[in-house]
1. Considering only residues of the range 121-153 that are assigned to a loop (DSSP other than H, G, I, E, B) and without any contact (Cβ under 8 Å) to a residue 12 or more places away in the chain, which is surrounded by the most Cβ atoms within 10 Å (Cβ to Cβ)?
2. Inside the range 35-55, can you point out the residues that are farther than 16 Å from residue 66 by Cβ and surrounded by 13 or more Cβ atoms within 10 Å (Cβ to Cβ)?
3. Which residues, counting only those in the range 134-149, are of a type outside the set (A, V, I, L, M, F, W, C) and either at pLDDT 95 or above or over 21 Å from residue 95 (Cβ atoms) (or both)?
4. Against the conditions (1) surrounded by 13 or more Cβ atoms within 10 Å (Cβ to Cβ); (2) more than 19 Å from the chain's Cα centre (by Cα), where does residue 9 fall short? Just the number, please.
5. So which residues in the range 61-85 are touching a helix residue (DSSP H, G or I) at 6+ places or on another chain (Cβ under 8 Å) and of a type in the set (S, T, N, Q), if there are any at all?
6. Out of 203, 208, I need the residue that is under 15 Å from the mean Cα position of the chain (by Cα) and surrounded by 15 or more Cβ atoms within 10 Å (Cβ to Cβ). Which one?
7. Can you confirm whether the range 66-74 contains a residue that is without any contact (Cβ under 8 Å) to a residue 60 or more places away in the chain, loosely packed, with under 13 Cβ neighbours inside 10 Å and either in contact with a Pro (Cβ under 7 Å, 6 or more places away or on another chain) or among the aromatic types (Phe, Trp, Tyr) (or both)?
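The values are calculated or read from the model by the stated rules, or taken from the named source; none is laboratory data. Model, not experiment: these values are computed from the prediction. Here Cβ is always computed from backbone atoms with ideal geometry, including for glycine, and neighbour counts include all displayed protein chains.
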Amino acid sequence: MSAQRYFNRDSFEFLRDLKENNNRDWFEANKARYETSVRQPFLDMIAALAPGIKQINPAIVVDPNPNKGSMMRIHRDIRFSKDKSPYKTFVAARFGRGKTAKEGSPALYLRIEPGGSVAGGGIWQPGTVALVKVRDRIAHDPKSWQRATSGLTLGRMCAFAGESLKRPPVGYDATHPFIEDIKRKDFAIGWSVTDAEVCGPGLKELLLERYRAVEPFLEFLSEATGLD
């Protein structure tokens, strides 16, 4: 039996069209297309990923529920943004540890976007307390950090994401072997996923391979922030 395909050409065409017509009237007129070509395939894929991610780490919650599940809302939070476009031009999911895991805590991540799909994990924009805990753990236990990241082949397809300080944070040794990592403001790693891979039959296995590779990194972050 052939592997299942979740997305197709219209999945990307819809997201491209949404980028060109990012307004409520257009979206409402094309909502059925969104449901058929984007939302339902994404929820189906989340459900298919659940057993494999549970084998990687049973603590990670993978919820295909369309309401308050792992899939993130397509509506943008425009309250404090100069850009008042009401919709995201991508779809994304966040798989956190435990049902109470909030934004800013370690999680697996998936983003489907034309020419910009990414799979990975980590902490995006951690709070000050969590950020200090991760930096301290790297500074005081560099061997564990090295083990957590040694299985990641960083390069064009896999890289750290987010911002870094220009100078070492106060209180940390500027000559520390991992000072560049200590300077990070975000601790997230992602792999690029091509449009062909997203629409291909091997997407589920590809994502599970990525999540297995990032799990030691996620484990380090969870232990450092006290969530393990």
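1. Only one residue fits best here, namely 141.
2. 52, 53, 54
3. Of everything in the range 134-149, those that are of a type outside the set (A, V, I, L, M, F, W, C) and either at pLDDT 95 or above or over 21 Å from residue 95 (Cβ atoms) (or both) turn out to be 135, 136, 137, 140, 141, 142, 143, 144, 146, 147.
4. The one condition residue 9 does not meet is (1).
5. Correct list: 70 only.
6. 208
7. no
Here's the yes/no breakdown for (1) touching a strand residue (DSSP E or B) at 6+ places or on another chain (Cβ under 7 Å); (2) in a helix (DSSP H, G or I); (3) hydroxyl-bearing (Ser, Thr, Tyr); (4) under 16 Å from residue 6 (Cα atoms):
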| site | (1), (2), (3), (4) |
| --- | --- |
| 48 | no, yes, no, yes |
| 68 | no, no, no, no |
| 79 | no, no, no, no |
| 82 | no, no, no, no |
| 93 | yes, no, no, yes |
| 111 | yes, no, no, yes |
